[in-house]
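Let me begin by presenting the structure, written as structure tokens, before commenting on it.
The values are calculated or read from the model by the stated rules, or taken from the named source; none is laboratory data. It should be emphasised that the depicted structure is a prediction, and the values quoted were computed from it without experimental measurement. All Cβ positions, glycine included, derive from the backbone under ideal geometry; neighbour counts span all protein chains shown.
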Amino acid sequence: MIEMPDHAIVTIYKLQPKGKSKKETILIIPGFVAYLKQWSNIIDGIIRRGYLVYIFETREKNSSTSKANDPRFNSEGLIADLTDVLIELKIPKPFAMAGNSLGATIILKHIINQKGKELLPDKIALLQAVYVSTPLDRFIKLAKKPIQFRLIIILIRMFAPILMRKQRKENPHFYKRFVNRIRASNIEKLRVGLLSSVTLNILDDLPRVEVPAVILGITDDTIHPIQQAKTITERVKNGQFIDMIDDETLHSDKTAEVITNFLEKGK
């Protein structure tokens, strides 16, 4: 548990491989209201390959004591939190970062903001990376109406199999993860977090990212358009794009293999 300057507490998990390892540490930032459990297959694979892993649960998650009305409860605040977490953890270089969705965007913005090298990762892995708000726009517009937003989330929690029957049939793996995420989230944190996400547009600053990056996406991703991931790959200085085919493959040991192979490349 780490206390931020505004006294909010955020949670950091430390997961160690069996035996001693000389491999670098990886700091993982799951996506918006995404929890450690949803990364379990990837994390297990990374640890099994000998890497020490930290997981940073950002303040919109229930593990944080932060309130939705805290001044730092916004996209820029999450980026500032990452800097404070790195200072507190004192991860020795070289180290890597991996992030999914909003977590990937936070990593990119962190790199863009940093002037010194001590807090810069040496390599990054970005899953379902986006540089601006996505088809979640419908939820974002709804979030401006607190009562209606709360009602819709409650209805989704209660009647997801009916309301999302198309997604449940066509993409059951994504459906299960999405519904579990909605059911586990704090509604007010979810609402305010969605509203703050519209201010985080990093497209013009991407050429300043010189850290080697592997960017993973999937073709049929309706929430994180694959073209955004490809654009990020093209605009950063040293990017490599890999199509992971589908949601189930992306959240499997295959991604752990891709990430660790990328980290070991050139050694």
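Exactly one condition in (1) touching an Asp or Glu at 6+ places or on another chain (Cβ under 8 Å); (2) buried (at least 19 other Cβ atoms within 10 Å of the Cβ) is not met by Glu60; state its number.
Of the numbered conditions (1) touching an Asp or Glu at 6+ places or on another chain (Cβ under 8 Å); (2) buried (at least 19 other Cβ atoms within 10 Å of the Cβ), the odd one out for Glu60 is (1).
For segment 94-119, give me each residue that is surrounded by fewer than 19 Cβ atoms within 10 Å (Cβ to Cβ), modelled with pLDDT of 90 or more and either within 15 Å of Val236 (Cβ to Cβ) or under 8 Å from the mean Cα position of the chain (by Cα) (or both).
Ile112
Here are some conditions: (1) crowded, with 18+ Cβ neighbours inside 10 Å; (2) under 24 Å from Glu76 (Cα atoms). Pro207 meets all but one. Which one does it not meet?
Going through (1) crowded, with 18+ Cβ neighbours inside 10 Å; (2) under 24 Å from Glu76 (Cα atoms) one by one, Pro207 breaks only (1).
Looking at segment 1-31 only, could you name the residues that are under 12 Å from Asp81 (Cβ atoms) and either touching a Lys or Arg at 6+ places or on another chain (Cβ under 8 Å) or in contact (Cβ under 8 Å) with a residue 24 or more places away in the chain (or both)?
The first filter runs over segment 1-31 and keeps only residues under 12 Å from Asp81 (Cβ atoms), leaving 2-6, 8-12, 29.
Those that are under 12 Å from Asp81 (Cβ atoms) and either touching a Lys or Arg at 6+ places or on another chain (Cβ under 8 Å) or in contact (Cβ under 8 Å) with a residue 24 or more places away in the chain (or both): Ile2, Met4, Pro5, Asp6, Ala8, Ile9, Val10, Thr11, Ile12, Ile29.
Would you confirm whether or not segment 53-63 contains a residue that is among the hydrophobic types (A, V, I, L, M, F, W, C) and either on the phi > 0 side of the Ramachandran plot or touching a residue at least 60 places away in the same chain (Cβ under 8 Å) (or both)?
First, the residues of segment 53-63 that are among the hydrophobic types (A, V, I, L, M, F, W, C): 53, 55-56.
Imposing the further condition that a residue be either on the phi > 0 side of the Ramachandran plot or touching a residue at least 60 places away in the same chain (Cβ under 8 Å) (or both) reduces the set to none.
So far as segment 53-63 goes, no, none of its residues is among the hydrophobic types (A, V, I, L, M, F, W, C) and either on the phi > 0 side of the Ramachandran plot or touching a residue at least 60 places away in the same chain (Cβ under 8 Å) (or both).
Restricting the search to segment 249-267, which residues are surrounded by fewer than 17 Cβ atoms within 10 Å (Cβ to Cβ) and either of a type outside the set (Lys, Arg) or within 18 Å of the chain's Cα centre (by Cα) (or both)?
Answer for segment 249-267, where residues must be surrounded by fewer than 17 Cβ atoms within 10 Å (Cβ to Cβ) and either of a type outside the set (Lys, Arg) or within 18 Å of the chain's Cα centre (by Cα) (or both): Thr249, Ser252, Asp253, Glu257, Asn261, Glu264, Gly266.
Please enumerate the residues belonging to segment 82-113 that are touching a residue at least 24 places away in the same chain (Cβ under 8 Å) and farther than 23 Å from Ala34 by Cβ.
Passing the criteria: Ile87, Pro92, Lys93, Pro94.
Within segment 73-81, is even one residue touching a residue at least 12 places away in the same chain (Cβ under 8 Å), within 18 Å of Leu36 (Cβ to Cβ) and either surrounded by 16 or more Cβ atoms within 10 Å (Cβ to Cβ) or not small (Gly, Ala, Ser) (or both)?
Looking through segment 73-81, at least one residue is touching a residue at least 12 places away in the same chain (Cβ under 8 Å), within 18 Å of Leu36 (Cβ to Cβ) and either surrounded by 16 or more Cβ atoms within 10 Å (Cβ to Cβ) or not small (Gly, Ala, Ser) (or both).
Answer yes if at least one residue in segment 162-182 is loosely packed, with under 13 Cβ neighbours inside 10 Å and aromatic (Phe, Trp, Tyr), and no otherwise.
no
Within segment 10-51, can you find the residues that are over 18 Å from the mean Cα position of the chain (by Cα), surrounded by fewer than 21 Cβ atoms within 10 Å (Cβ to Cβ) and modelled with pLDDT of 90 or more?
Of everything in segment 10-51, those that are over 18 Å from the mean Cα position of the chain (by Cα), surrounded by fewer than 21 Cβ atoms within 10 Å (Cβ to Cβ) and modelled with pLDDT of 90 or more turn out to be Ile47, Arg48, Arg49, Gly50.
For segment 203-226, how many residues are outside any loop (DSSP other than H, G, I, E, B), closer than 19 Å to Gly31 by Cβ and free of Cβ contacts under 8 Å to residues at least 60 places away in the same chain?
1
Filter segment 227-241 for residues that are surrounded by fewer than 16 Cβ atoms within 10 Å (Cβ to Cβ), outside any loop (DSSP other than H, G, I, E, B) and touching a residue at least 12 places away in the same chain (Cβ under 8 Å) and give the result.
Of everything in segment 227-241, just one residue is surrounded by fewer than 16 Cβ atoms within 10 Å (Cβ to Cβ), outside any loop (DSSP other than H, G, I, E, B) and touching a residue at least 12 places away in the same chain (Cβ under 8 Å), namely Gln240.
Mind checking which helices (runs of 4 or more DSSP H) fall wholly inside segment 30-132 and carry at least 3 residues that are among the small types (Gly, Ala, Ser)? Show your work before the answer.
On the way: elements: 40-48, 75-89, 102-113.
Because the criterion is at least 3 residues that are among the small types (Gly, Ala, Ser), the helices (runs of 4 or more DSSP H) in segment 30-132 that meet it are 75-89.
Restricting to segment 139-183, and then to whatever is among the polar types (S, T, N, Q) and in a helix (DSSP H, G or I), can you tell me which residue is modelled with the highest pLDDT?
Only one residue fits best here, namely Gln148.
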